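The values are calculated or read from the model by the stated rules, or taken from the named source; none is laboratory data. Keep in mind that what you see is a predicted model, and the values were worked out from it rather than measured. Because the Cβ atoms are built from the backbone with ideal geometry, glycine has one as well, and the counts that use them run over all protein chains shown.
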Amino acid sequence: MNRFRFVLPVALAIVAVACNSTAPSPALTDPKAIVTAGLDAAQVAHSVHLDVKVDGSAKISLPGIGAAAGTGTPVKLDGTTASVDVDFDKPALHATFAVPNLFNFAGDVIAIDGKAYVKSTLTGPLYQVSDGGPADASGVRALLTGLETAIGQPGVTLAKGADAQCGSGQCYVVTTKLTADQLGTSIGSIAGLPVDLTGATVDLTVFVEQAEPNHIAELKAVITNADGTTLTIDALATKWNEPVTITAPSPDQVKAS
């Protein structure tokens with residue numbers, strides 16, 4: 001099954017960008033065509049900056065405890081934030097994140113040249129390096145592919161709402177409701193920690209710019225857990241296709257192996 005991940009540092013993940021003065025493309029009316037246009041534009045993008053906010057409760061499946069599906073530990077994630085730069089061409093990613101309700105957990109992730117450099121409030125001021133890691137630019141591409149697959153699942157209905165202001169322009173607004181089965185996974189991710197989505201539903205709102213090239217302008221997901229608690233993830237984006245510089249940390253910033 002395709003995996004659909006709400007990855008905070010990458011995260012989860014598609015976004016809001018200030019609409020510019022580009023002339024609008026021919027009006028789209030079919031909700032699936034609107035979302036597909038946004039996904040197509042994002043798939044060929046060179047770079048983007050993401051800002052993500054998370055509020056509410058999630059079940060975190062803590063590693064190493066052998067918990068069964070649906071028995072994750074409830075954690076309040078109010079005030080969680082992430083700021084992410086993505087260079088799709090290199091590819092590379094740089095993310096900072098903060099989870100104040102989880103012992104003030106915060107960190108920094110750089111994924112570049114097949115390596116992941118991670119430091120956090122739990123590991124100290126130096127980066128630890130590994131092959132791969134909790135987030136990278138390919139994960140953002142996979143998120144887009146997963147979303148496209150999810151909206152094509154049997155039983156998924158998309159609805160076009162009233163147009164909305166986005167930046168200085170207008171956006172199409174499309175909504176849908178998805179189950180974990182339709183997402184293709186029962187596990188998401190927040191700050192690198194696995195989130196148990198067993199029995200959850202997701203109310204998804206997608207904002208797509210009316211101006212060409214119809215970038216997805218915001219993604220808001222309200223996850224309703226099986227116990228009735230909710231988790232809201234709101235992702236915004238700016239700087240589509242603008243130059244971005246992401247480099248590996250200098251050797252003196254990396255913990256010796």
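Report yes if some residue within the range 221-239 is in contact with a Leu (Cβ under 8 Å, 6 or more places away or on another chain), closer than 17 Å to Pro31 by Cβ and in a strand (DSSP E or B); otherwise report no. The answer is yes; a qualifying residue exists.
Of all the listed residues (Thr185, Thr175, Thr179, Thr198), the sole one being at pLDDT 95 or above and under 19 Å from Asn225 (Cα atoms) is Thr175.
Checking the range 125-143 against the condition returns a match, with at least one residue being touching a Pro at 6+ places or on another chain (Cβ under 8 Å), modelled with pLDDT of 95 or more and crowded, with 18+ Cβ neighbours inside 10 Å.
Residues in the range 111-131 that are in a strand (DSSP E or B), under 18 Å from Val99 (Cβ atoms) and aliphatic (A, V, I, L, M): Val118 only. Residues that are at pLDDT 95 or above and surrounded by fewer than 16 Cβ atoms within 10 Å (Cβ to Cβ) within the range 161-172 comprise Gly161, Ala162, Asp163, Ala164, listed in sequence order.
Checking the structure you have, find out if any residue of the range 150-160 is at pLDDT 90 or above and part of a strand (DSSP E or B). Yes: one or more hits. For Pro251, the requirement of being surrounded by fewer than 20 Cβ atoms within 10 Å (Cβ to Cβ), modelled with pLDDT of 90 or more, on the phi < 0 side of the Ramachandran plot and in contact with a helix residue (DSSP H, G or I) (Cβ under 8 Å, 6 or more places away or on another chain) is not met. Val84 meets each of the listed conditions (1) β-branched (Val, Ile, Thr); (2) in a helix (DSSP H, G or I); (3) touching a strand residue (DSSP E or B) at 6+ places or on another chain (Cβ under 8 Å) apart from (2).
Does Thr157 satisfy the condition of being closer than 17 Å to Val35 by Cα and under 16 Å from the mean Cα position of the chain (by Cα)? Judged against the criteria, Thr157 is not a match. Taken over the range 101-116, residues that are on the phi < 0 side of the Ramachandran plot and either touching an Asp or Glu at 6+ places or on another chain (Cβ under 8 Å) or of a type in the set (Lys, Arg) (or both) amount to 4. When Val244 is tested against (1) part of a loop (DSSP other than H, G, I, E, B); (2) surrounded by fewer than 16 Cβ atoms within 10 Å (Cβ to Cβ), exactly one condition is not met: (2).
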